[in-house]
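Note sheet for the following structure.
The values are calculated or read from the model by the stated rules, or taken from the named source; none is laboratory data. Since the structure is predicted, the reported quantities are computational estimates derived from the model, not experimental observations. FYI the Cβ positions are ideal-geometry reconstructions off the backbone, even for glycines, and counts take in every protein chain you see.
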Amino acid sequence: MPARRHPYFAYGSNLCVRQMALRCPDAADPRPAVLSDHDWLINQRGVATIEPLSGSQVHG
């Protein structure tokens, strides 16, 4: 049975194609994308994340 494919949105340090290839060797077709109505931020624990925010965009 062929492997099931699903979209993956990367942002921040996960945009490194070389790192992604090491972590997920079967990943294919990396390309720029925009996630609308979300914003990139550092949460209270100091971790980068994205959260819904109308009118904002996260580029990945």
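Restricting segment 20-44 to residues that are exposed (fewer than 12 other Cβ atoms within 10 Å of the Cβ) and among the charged types (D, E, K, R), the residue that is modelled with the lowest pLDDT is Asp29.
Here segment 45-59 is the region considered, the condition is being without any contact (Cβ under 8 Å) to a residue 12 or more places away in the chain and either assigned to a loop (DSSP other than H, G, I, E, B) or touching a helix residue (DSSP H, G or I) at 6+ places or on another chain (Cβ under 8 Å) (or both), and the residue that is surrounded by the most Cβ atoms within 10 Å (Cβ to Cβ) is Val47.
Taken together, Val58, Val17 contain a single residue that is at pLDDT 90 or above, within 12 Å of the chain's Cα centre (by Cα) and among the β-branched types (Val, Ile, Thr), which is Val58.
Of all residues in segment 1-14, those that are of a type in the set (A, V, I, L, M) and modelled with pLDDT under 85 total 2. Report whether or not Pro30 is within 19 Å of His6 (Cβ to Cβ) and within 12 Å of the chain's Cα centre (by Cα). Yes. Is segment 25-44 home to any residue that is in a helix (DSSP H, G or I) and without any contact (Cβ under 8 Å) to a residue 40 or more places away in the chain? Among the residues of segment 25-44, not one is in a helix (DSSP H, G or I) and without any contact (Cβ under 8 Å) to a residue 40 or more places away in the chain, which makes the answer no.
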